[in-house]
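Heads up: the structure comes next, in structure tokens.
The values are calculated or read from the model by the stated rules, or taken from the named source; none is laboratory data. All of these numbers come straight from a predicted model, not from anything done at the bench. Virtual Cβ from ideal backbone geometry, glycine too; neighbours counted across all protein chains shown. Surface accessibility is based on the protein's heavy atoms, side chains included, excluding ligands, DNA and RNA. Shrake-Rupley method; radii C 1.70, N 1.55, O 1.52, S 1.80 Å.
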Amino acid sequence: MKSDHRTTSPAVDGPRAAATDGEAKAIKSLLVKDFDQSVPAVVRHDDGTIRPTYIGVWGQDRLIGAALIQPALCVAETLIYRTGTSGVHAAQIREAFAEHAALIEGIAVVRKHRREGIGLQIKAFCDSWAADHGAELILSIPTNEGARRLNEKAGHTVLGTDVCMVLQLTYDGKPLTVAVPFYREQTEGYSAWAFKVLAETHGVALRVGQC
């Protein structure tokens, strides 16, 4: 996740979800180029739920910033595995994460437009988009110091590289799962958990904290 440091930017179209398949494919291309990782196929249908969605910023009709946000189902699968959950209870965990937890897979800004506040705009938009689509919690994984500063500037809690994130699924304040620690390996360089609580509910909820 790349960072910038100022909070202002030149006249650009504000961050928004891709409106066409062409826009979504351009965003995907920028993310792949910047991160050298695979990202999901283009999905841009908005039914009000948290679905894999490409976010872009355009300036002078050119894409200059991008992000991918999607349900934090990979985190749900880890929680299921570590708690030995199966059957109906595993399905309940997947449903809770699909409906209430979002994950920002990455933010990319083209090199010549970095340090113009575009990354911060994208981060804020992702928070707003996730909240509007029912998310109580939004997660990301900063992989460098610039990304850490971006997350902190956006009001996200960034845990130390030696600190684990703890997640627990609850219902009306009562635990449905045990609290499970999530560590970030440092074998490939800096990697940490970042999160922001977007809403509190009295029904099914995700409790997040640190070890």
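Among the residues of region 82-113, those that are open to solvent by less than 10 Å² (accessible area, probe 1.4 Å) and part of a helix (DSSP H, G or I) comprise 90, 93, 96, 97. Taking region 171-211 as the range and being hydroxyl-bearing (Ser, Thr, Tyr) and either open to solvent by 90 Å² or more (accessible area, probe 1.4 Å) or under 17 Å from residue 95 (Cα atoms) (or both) as the test, the residues that pass are 171, 177, 183, 187, 201.
Of the listed requirements (1) surrounded by fewer than 19 Cβ atoms within 10 Å (Cβ to Cβ); (2) touching a Pro at 6+ places or on another chain (Cβ under 6 Å), residue 146 misses just one: (2). Residue check: residue 161 meets all listed conditions (1) assigned to a helix (DSSP H, G or I); (2) surrounded by fewer than 18 Cβ atoms within 10 Å (Cβ to Cβ) but one, namely (1).
When region 114-133 is filtered for residues that are of a type in the set (Gly, Ala, Ser) and assigned to a helix (DSSP H, G or I), the ones remaining, listed by number, are 119, 124, 128, 130, 131.
Filtering region 184-204 for residues that are modelled with pLDDT under 90, within 13 Å of residue 100 (Cα to Cα) and not in a loop (DSSP other than H, G, I, E, B) leaves a non-empty set.
Would it be correct to say that residue 166 is outside any loop (DSSP other than H, G, I, E, B), modelled with pLDDT of 90 or more and open to solvent by less than 60 Å² (accessible area, probe 1.4 Å)?
Details: outside any loop (DSSP other than H, G, I, E, B): yes; modelled with pLDDT of 90 or more: yes; open to solvent by less than 60 Å² (accessible area, probe 1.4 Å): yes.
Answer is yes for this residue.
Taken over region 183-199, the residue count meeting the criterion of being farther than 14 Å from residue 106 by Cα and out of contact with any His (no Cβ under 7 Å at 6 or more places or on another chain) is 11. All of (1) closer than 19 Å to residue 18 by Cβ; (2) surrounded by 15 or more Cβ atoms within 10 Å (Cβ to Cβ); (3) among the small types (Gly, Ala, Ser) hold for residue 128 with one exception: (2). Taking every residue in region 24-45 that is part of a helix (DSSP H, G or I) and pairing it with any residue that is hydroxyl-bearing (Ser, Thr, Tyr) and modelled with pLDDT of 90 or more, at least 6 positions away or on another chain, the pairs with Cβ-Cβ distances below 6 Å are 24/54; 27/54.
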